[in-house]
Amino acid sequence: MARIVTVYTTWRRPFVPTDMAYIRWLKISEALARLGHQVDMATNERRLFGRRRVVPLGNNLRRVPVSWVRWAEYDVVKTLFHEGFETLERYGGAGHPFIISKLGSVVGPVDRPNVYFFGEQRARLFTTQERVARTSRYVTLLTRESEALWRSCFPAAPTTLLVPGAVDAEIPLPHHDPYPARYPRRCLFAGNFYGERYQPESHRVLVGKLNLLGKLLGGRGIRLFVVGPGDAGALDRKHVTAVGPVPYAASWDYLFFAGVGIVLAFGVHQNDNESTKIYHYLRAGLPAVCESGFPNESLLVEAGLGYVAANGDLEGMAALIARAMDQNWERASAVRYVLERHTWDRRAAVYHALFKSLSLP
């Protein structure tokens, strides 16, 4: 089996998966380890520079200090997102002969209406992609739309792998209801809603929609809760309850005890990137309503556990949320649907097959 090191960020904060970037980093590493590969997660957390320099996480999996990594000791280096490749460069690993660079959103050389990074931020990401294209052996992308954009920008670049987001096959059992009892009808937005320093345009759009939708739902006796990282300062607390970041294991109770989950679009144009919320709502058996604007929005209808609302029609979306909350759903069949198609183990199998085809150790 292969020796793999996964790389994401230089953050010094403790390793607590509360946002999807951290969650994906952990979950794909765990899934590769379950397949028998030896996987190290190279982190920059402070505790790893103290007495405990390696943190075992399970069979074949551990966390190690990124500054101590000897890149040549690994068969494969797997970076996550643009920042992961930048971290690899910073710590001297960009010369490794077998780099798999996983990117989230792919940006183009100029601003595009269906990729929600703009201006200087978009330009910096594109510069990173140019280095990825010169250095990596494989590039992992989430959607066919992102793959098409990548190919239009880098036609002679490395082989691409299509590996969408996913969800755990095994999840915690419901533990306790985390919501205030005075709100028996709960609508949940679970995920990052960003801030003025990261995707500011998307942040402003999402906050505006959350505030309006919260008001519309309040008129129907439904309270909107927002769980996840992001700048909550502009949320209207009269209509929206901001819970903040929640550790991954504990976050499942917010899905189990909600009435409906929601997905909101970043704008009027179809996003090239997918919504990972959808996989998690389905896995929890939570009916969901998605504002149209994502390549994977049809999963809700295919699984039989939700609706897709017209883009920009928040009044219509509020009506669908109320309808979904009171509808009898075949939740078990929706859970089976996602388990059969969209688990981390299924995503890791793409890499496992690649390594076998190349006769890696």
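Here the chain is assigned +1 on the Cβ of each Lys and Arg and -1 on the Cβ of each Asp and Glu. Its dipole about the Cα centre then comes out at about 1000 debye. Cross-link reach is defined here as a Cα-Cα straight distance under 14 Å, omitting same-chain residues fewer than 8 places apart; for K78 the aspartates and glutamates meeting it are E30, D40, E86, E89.
Pairs exceeding a 28 Å alpha-carbon distance, out of K27/K209; K102/K238; K27/K238; K277/K356; K102/K356: K27/K209; K102/K238; K27/K238; K277/K356.
For the stretch 221-250 versus the stretch 99-131, the inter-centroid distance based on Cα atoms is 28 Å. In terms of Cα atoms, the Rg and Dmax of the chain work out to 20.4, 61 Å. Can you give me the angle between helix 144-153 and the longest principal axis of the chain, using Cα atoms only, in degrees from 0 to 90, rounded to the nearest 10? Long axis of 144-153 versus the principal axis of the chain: about 50 degrees.
To make sure I understand, if each residue's beta carbon is the centre and we count other beta carbons within 10 Å, what order do S298, S29 fall in, fewest to most?
Taking fewest neighbouring Cβ atoms as first place, the list is S298, S29.
For the pair E170 and R237, the difference between a 0.36 nm per residue extended length and the Cα-Cα distance amounts to 20.7 nm. Against the empirical curve 2.2 N^0.38 Å, the C-alpha radius of gyration of the stretch 186-341 lands at a ratio of 0.95.
Compared with the alpha-carbon gap, the fully stretched path from T10 to T127 is longer by 40.2 nm at 0.36 nm per residue. Within the straight-line cut-off of under 20 Å between alpha carbons, the aspartates and glutamates reachable from K215 are D231, D236, E291, D313, E315, D326, sequence neighbours fewer than 8 places apart in one chain being disregarded.
Of the residues F225, F154, F193, the one with the fewest other Cβ atoms within 10 Å heads the list, and the complete ranking is F154, F225, F193.
Over the C-alpha atoms of the stretch 308-361, the Rg to Rh ratio, Rh being the Kirkwood estimate, stands at 1.31.
The numbers here are math on the coordinates, done by the rules we state, and not lab data. As the structure is a computational prediction, the values presented were derived from the model and not from experiment. Please note: Cβ atoms are built from the backbone with ideal geometry, for glycine as well, and neighbour counts cover all protein chains shown.
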